[in-house]
Amino acid sequence: MVYYQFQDTEQQVRIGKIICLARTYKEHAREMNAVVTEDPLLFLKPTSSVIFNHGTIIIPKQSKCLHHEVELGVILGKKGKNIQEEHAMSHVLGYLVALDITARDIQSTSKKNGWPWAIAKGFDTFAPLSDAVKKEKVPDPLNLILSLKINGVVKQYANTNQMIYSLERIISFISQVMTLEPGDLILTGTPEGVGEIQEGDLLEARLGDLCTLTVDVKKE
């Protein structure tokens, strides 16, 4: 079992499904030569891919090219199915900053062949998570600076207000597909600036002044 680490509290919440979104920032879709869709695109990561602050991303033997993707994470606090948008935010427990690590070479092969992304997204250590902050401390989650530095150099920098979909829309849409449960995590997609990480890199992700995440990179 893997649990969120909440700031300033000893509350224990088990991490449930990790539901990820793709192409939620227009500039990122453009840099990936991808089309923005009317409805969110979803994929899943296993909880076995989770690591926490000061952990290590492991480059697996199967991949020659890992990419970083910094994201706002939304933690669900109560169960819901077919949630109406006007009620969606009442299901939120808190937020964190996360990295969606991608084996880009494996993903590229999958895309060309029409295969799922599970391997490219699902290796151990491919979901680094910061400590979580309760939603009461976040007046507006869609007005926060989302940033990533590698070895002190800024690689990604955007405001969450640049997301194509509102959190209400995201939560409502997902709940029409699958029941959302306490502890589920929604990774809301990455802005532009994704790129490769190498052995020895130090990654520092931030969500405003609320959450920080520092991890390094090693080969398997």
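Quick one: if the Förster radius is 25 Å, what FRET efficiency do residue 115 and residue 161 give, using the C-beta to C-beta distance and rounding to 0.05?
The formula returns an efficiency of 0.15 here.
Calculate, for residue 9 and residue 79, the FRET efficiency according to 1/(1 + (r/R0)^6) with r their C-beta to C-beta distance and R0 25 Å; round to the nearest 0.05.
Result of the calculation: an efficiency of 0.70.
Among 95, 117, 62, which residue has its Cα furthest toward the positive end of the charge dipole of the stretch 60-120, with +1 on Lys/Arg Cβ and -1 on Asp/Glu Cβ?
62
Label residue 38 and residue 142 with points 7 Å out from Cα along Cα→Cβ: what is the distance between them in nm?
1.9 nm
Find the lysine pairs in the stretch 124-220 meeting two conditions, Cα atoms under 29 Å apart and a separation of 8 or more places or different chains, and report how many there are.
Summing the qualifying lysine pairs gives 10.
From the helices alone, meaning DSSP H stretches of at least four residues, give me the mean residue ellipticity at 222 nm for the chain, per-run term -39500 (n - 2.57), in deg cm²/dmol to the nearest 500.
Calculated mean residue ellipticity at 222 nm is -4000 deg cm²/dmol.
Since every read-out is calculated from the coordinates, none of them should be taken as a lab result. All values derive from a computational prediction rather than experimental measurement. For neighbour counting, all protein chains shown are included, and Cβ atoms are generated from backbone atoms with ideal geometry for every residue, glycine included.
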